[in-house]
Amino acid sequence: MPLSRFIFTVSVLLPVACFAEAGLADDFTVETLNAEKVFPGTTLFSVTANFNTQKIIEADMRGKTVWSYPIPDSVKGEKGFLQDVNLLDNGHILFTLHHAGIFEITRAGKVVWSHKDPEASHDADRLANGNTLVSSRDRLYEVTRDGEIVWQVNAPSGGENKRKFHKAIRIGTDGKRYGG
């Protein structure tokens, strides 16, 4: 089976296959696994089937949950909907909550950085200088750890979509990409 089909299978079937009658299961049913061809490791992903039980999960290739973080009400507020999830080089997790902002947590679940933005939509990526590149509803911007916006571009007006930006990737002067 081609790797692209496996990735599609995991990204589509894993979130769908994670529900038990009593609610969100701790482990997942892996529908396809070609252990000889798959890129080995764990997969970090968001589970958002129910607003009240949103979680970030890390599972191994056999579907066993090795780490999870239920999004607490104190972080998501009344509207925060889990979107983007990234593993940072320091081992922390960076995630975006639509209508709430961007958060960085330790593996113990401690929030060590946040940038509140009710227009935060789908994507946030940590850059090499420690700043964060954010895709918001109608703007892309770079924010420092102190909350200062040091770069911003606004979406063109018009069009039928309310969300004008969905994803951004910063390409450094060295050619290295950040995000994706």
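Taken together, the values in this text are just the output of simple stated rules run on the coordinates, not laboratory data. All values derive from a computational prediction rather than experimental measurement. Here the Cβ positions follow ideal geometry from the backbone for every residue, glycine too, while neighbour counts run over all protein chains shown.
Observations, loosely collected:
- Residue satisfying all of: in the stretch 47-72; of a type outside the set (Val, Ile, Thr) and over 17 Å from the mean Cα position of the chain (by Cα); surrounded by the most Cβ atoms within 10 Å (Cβ to Cβ) among these: Gly63
- Of everything listed in (1) out of contact with any helix residue (DSSP H, G or I) (no Cβ under 9 Å at 6 or more places or on another chain); (2) surrounded by fewer than 17 Cβ atoms within 10 Å (Cβ to Cβ); (3) β-branched (Val, Ile, Thr); (4) in contact (Cβ under 8 Å) with a residue 12 or more places away in the chain, the single unmet condition for Val75 is (2).
- The stretch 86-129, residues that are buried (at least 18 other Cβ atoms within 10 Å of the Cβ) and hydrophobic (A, V, I, L, M, F, W, C): Ile93, Leu94, Phe95, Leu97, Ala100, Ile102, Phe103, Ile105, Ala120, Ala124
- The residues of the stretch 78-110 that are touching a residue at least 40 places away in the same chain (Cβ under 8 Å) and among the charged types (D, E, K, R), listed by number, are Asp84, Arg107.
- Among the residues of the stretch 108-141, the ones that are more than 21 Å from Lys79 (Cα to Cα) and basic (Lys, Arg) come to 1 in all.
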